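Before any comments, here is the structure.
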Amino acid sequence: MRRLLADTDVVSYIFKWHPSAPRFVELLADNEVVLSFVTPAEMRLGALKAHWGFRKRNLLERYLSRFAVCCLTSSTTASKLRVILALAQHPIQPHRQTTGDSHLGYPACPAKLQA
């Protein structure tokens, strides 16, 4: 089992069951999926902007609780993560208008990564 960092779009597509969701579920299967600390914040912001009610926000919170969250505590830690990913031949790519696959499957930050 690998630890993978999933982009907000991927996690959101699965939650909303976008037409791309089955492909993402298949790609993530049998792996530990980790979220960047930004992903829950972005998804909660989207819920607030869309004026979601209690029930739907509660479903979102239950969904997000299934994932570990990678918290980068400093720009130094973020820089180290980018170097580690580049050395592992999984560099962080600029956002591209694709099916979202370009943001799927980055090895997630190791627990021992410290600033």
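Where a number appears in this text, it was derived from the coordinates with a stated rule and is not lab data. Quantities reported herein were computed from a predicted structural model and do not represent experimental measurements. Glycine gets a Cβ as well: all are built from the backbone with ideal geometry, and neighbour counts include every protein chain shown.
Estimated at 0.36 nm per residue, the fully extended path between E42 and F15 surpasses their Cα-Cα distance by 8.4 nm. Peptides 17-24, 30-37 ranked from most to least packed, by the mean per-residue count of other Cβ atoms within 10 Å: 30-37, 17-24. For S20, no residue has an amide H sitting under 5 Å from its own, ignoring neighbours fewer than 5 places away on the same chain, with H placed 1.01 Å from N. Once the other residues with Cβ under 14 Å from the Cβ of R62 are scored (Lys, Arg +1; Asp, Glu -1), what is the net sum? It works out to a net charge of +4.
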